[in-house]
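**Q** Here's a structure for you.
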Amino acid sequence: MQNNAASLPHAPSSVFPAHEAGKKRKPCLRKILAFWILVAVLGGAGGWIYQTWQKIPSSIRIRAGEEQELFLDVPVSGTIYGEKTAQKDVIPVNLNRPLTVQASQIQDYTMDVKLFGIVPFKQVDVHVVEGQRLIPAGVPVGIYIKTEGILVIAESDFEGLDHSRKEPARYLLRAGDYILKVDGVELEGKKQFTEQVVASEGKELCLTICRDGQTFDVTVTPQQNTEGVYKLGIWIRDNAQGVGTMTYLDEKNGFGALGHGINDTDTADLMEVQSGSLYKTKIVNIRKGISGTPGELTGVIDYKKENRIGAISINSVEGIFGTLSQEEADEIQGEALPVGLKQEVKKGEAQILSCLEEDGAPQLYTIEIKALHLDHDNINRGIEIQVTDERLLEKTGGIVQGMSGSPILQNGKIIGAVTHVFVNDPTRGYGIFIENMLSH
């Protein structure tokens, strides 16, 4: 008997001879290799261009009447001109080498720069400003702010009298909304708002809300829960409080603190402030930071009128700002220091001023500036720092919550403030340039 398998015809191994198939594969491999080389080159070039872009600030401030050196070490050149500058007064610049600049009067200029002097690359605003001196504070403060209206932090359902789920505010209100008025009446607090909802007895309410900067009215009908109480099914907040550090005091008793804004803990949005106050506080405990768990300064705040030391008028991404009482301003010790501009900040040793003891005076602690991000997307993370002072490392493990706002000093100038800590390395963190705080 014949083997069936043996009777099957042999399939050809290739339509073309082996040497011809090899010839066809080689050009294909070359194309693939060339493609990936091109991707690598373009990726590297793109990364280099992005880094160069980041090294050039979007705005530069220089002090009037002083010679100052700019050295960004980037391969760009261009021109500086003012709004009313004549063609003959256009100034050529080369940012690839040290550039000495001086302006005699307060004025704004524009600097157009080109990559390699050829490709239009970036436009930089140049501001000539008066020299300013600030007293570094470094003192802990209690913070209380009242929101502009009632902040909606969440929308939810609840069980009604008929045991069905009720959602009166669904599709009408959302987290981040500010309720400003009810039936045309301005709100003073969440207690008043809750009372108005309960008193509605199920009648429609006209709510004036602010959402993403736009103000408009919505109509909502409260419904009863299982206890017969009228509700809207929203979670609300009308204030925030905490402990931070005052950064500076100016000649008019104006203060800046934190170096970052106060955001709602639930929505993560910057809180709209109607009013706010600073209070005296005492640091009573320090929880050291470890990798993965930030540390914290615990302070005691007594919200009595006699403990109020200042008024908060602004809550912005650059920090909180307001006016300190004269009595408290007189207690801030220290010499007023010149403001260090971005281009004057250098990598290397610096100090932070912070108070970690109950009733103690602020102390200087050594840090190292590891990197500078002159045009970083996040304006309060321009200075990358690492704590090197053994005393501070022993007390706190590095940077802890509550130290935000601690002024950063270098070469006899105030240059910034501590703002953030690295969660996985509490010895490292970020700071904001002081000129960013002053431009709030």
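**Q** Give E251, E201, E227 a once-over and let me know the one that is assigned to a loop (DSSP other than H, G, I, E, B) and closer than 30 Å to I432 by Cα. I'd like the intermediate steps shown before the answer.
**A** Values: E201 fails: closer than 30 Å to I432 by Cα; E227 fails: closer than 30 Å to I432 by Cα.
After applying the criteria, what remains is E251.
**Q** Only one residue in L364, L409 is closer than 30 Å to V126 by Cβ and of a type outside the set (K, R), so which one is that? Steps first, please.
**A** Numbers: L364 fails: closer than 30 Å to V126 by Cβ.
The unique qualifying residue is L409.
**Q** A further question follows. Testing L151 on (1) under 26 Å from the mean Cα position of the chain (by Cα); (2) closer than 22 Å to K342 by Cβ, one condition comes back false. Which one is that?
**A** (2)
**Q** Got a number for residues in segment 86-126 being farther than 30 Å from G254 by Cβ and assigned to a loop (DSSP other than H, G, I, E, B)?
**A** Residues that pass the stated criteria total 9.
**Q** Separate question: Please verify whether segment 240-251 includes one or more residues that are surrounded by fewer than 22 Cβ atoms within 10 Å (Cβ to Cβ), under 21 Å from P407 (Cα atoms) and over 23 Å from the mean Cα position of the chain (by Cα).
**A** Yes: segment 240-251 contains one or more residues that are surrounded by fewer than 22 Cβ atoms within 10 Å (Cβ to Cβ), under 21 Å from P407 (Cα atoms) and over 23 Å from the mean Cα position of the chain (by Cα).
**Q** Within segment 267-281, can one find any residue that is among the basic types (K, R) and modelled with pLDDT of 95 or more? First the steps, then the outcome.
**A** Our first condition is that a residue be among the basic types (K, R); within segment 267-281, this holds for 280.
Then drop every residue that is not modelled with pLDDT of 95 or more, which leaves none.
No, the conditions are met nowhere in segment 267-281.
**Q** Of these, L258, L172, which one is under 30 Å from E327 (Cβ atoms), of a type outside the set (F, W, Y) and in contact (Cβ under 8 Å) with a residue 24 or more places away in the chain?
**A** Numbers: L172 fails: under 30 Å from E327 (Cβ atoms).
Criteria check complete, one pass: L258.
For every residue, the table says whether it meets (1) assigned to a strand (DSSP E or B); (2) surrounded by fewer than 16 Cβ atoms within 10 Å (Cβ to Cβ).
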position	(1), (2)
V128	yes, no
L134	yes, no
G142	yes, no
I150	yes, no
I153	yes, no
D162	no, yes
L173	no, no
I179	yes, no
T194	no, no
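**Q** OK, next. Select from segment 334-349 the residues that are assigned to a loop (DSSP other than H, G, I, E, B) and surrounded by fewer than 12 Cβ atoms within 10 Å (Cβ to Cβ) and list them in ascending order. Working first, answer last.
**A** Pass one, segment 334-349, residues assigned to a loop (DSSP other than H, G, I, E, B): 334-336, 340-341, 345-347.
Correct list: E335 only.
**Q** A further question on this structure: Kindly list the number of the only condition in (1) assigned by TED's automatic domain parsing to the domain that holds P362; (2) free of Cβ contacts under 8 Å to residues at least 12 places away in the same chain that fails for F216.
**A** Unmet for F216, out of (1) assigned by TED's automatic domain parsing to the domain that holds P362; (2) free of Cβ contacts under 8 Å to residues at least 12 places away in the same chain: (1).
**Q** Need the failing condition index for L297 against (1) buried (at least 19 other Cβ atoms within 10 Å of the Cβ); (2) at pLDDT 95 or above; (3) under 19 Å from P140 (Cα atoms); (4) in contact with a Gly (Cβ under 8 Å, 6 or more places away or on another chain), just the number.
**A** The number of the failed condition is (2).
**Q** Looking only at segment 419-433, count how many residues are in contact with a Pro (Cβ under 8 Å, 6 or more places away or on another chain) and crowded, with 21+ Cβ neighbours inside 10 Å.
**A** From segment 419-433, those in contact with a Pro (Cβ under 8 Å, 6 or more places away or on another chain) are 421, 423, 426; that's our starting set.
If we keep only those that are crowded, with 21+ Cβ neighbours inside 10 Å as well, we get 421, 426.
The total comes to 2.
**Q** Only one of these conditions is not met by V101: (1) at pLDDT 90 or above; (2) out of contact with any Pro (no Cβ under 7 Å at 6 or more places or on another chain). Which number is it?
**A** All conditions pass for V101, except number (1).
**Q** May I pose another question? State all residues of segment 64-79 that are charged (D, E, K, R) and either crowded, with 19+ Cβ neighbours inside 10 Å or at positive phi (or both); if no residue qualifies, say none. Reasoning before the result, please.
**A** Restricting attention to segment 64-79, the residues satisfying the condition of being charged (D, E, K, R) are 66-67, 69, 73.
Passing the criteria: only D73.
**Q** Could we say that D183 is surrounded by fewer than 16 Cβ atoms within 10 Å (Cβ to Cβ), over 24 Å from S316 (Cα atoms) and modelled with pLDDT under 95 here? First the steps, then the outcome.
**A** Details: surrounded by fewer than 16 Cβ atoms within 10 Å (Cβ to Cβ): yes; over 24 Å from S316 (Cα atoms): yes; modelled with pLDDT under 95: no.
The answer is no for D183.
The values are calculated or read from the model by the stated rules, or taken from the named source; none is laboratory data. Computed from a predicted model, the values in this text were never measured in an experiment. Cβ: placed from backbone, ideal geometry, glycine included. Neighbour counts: every protein chain shown.
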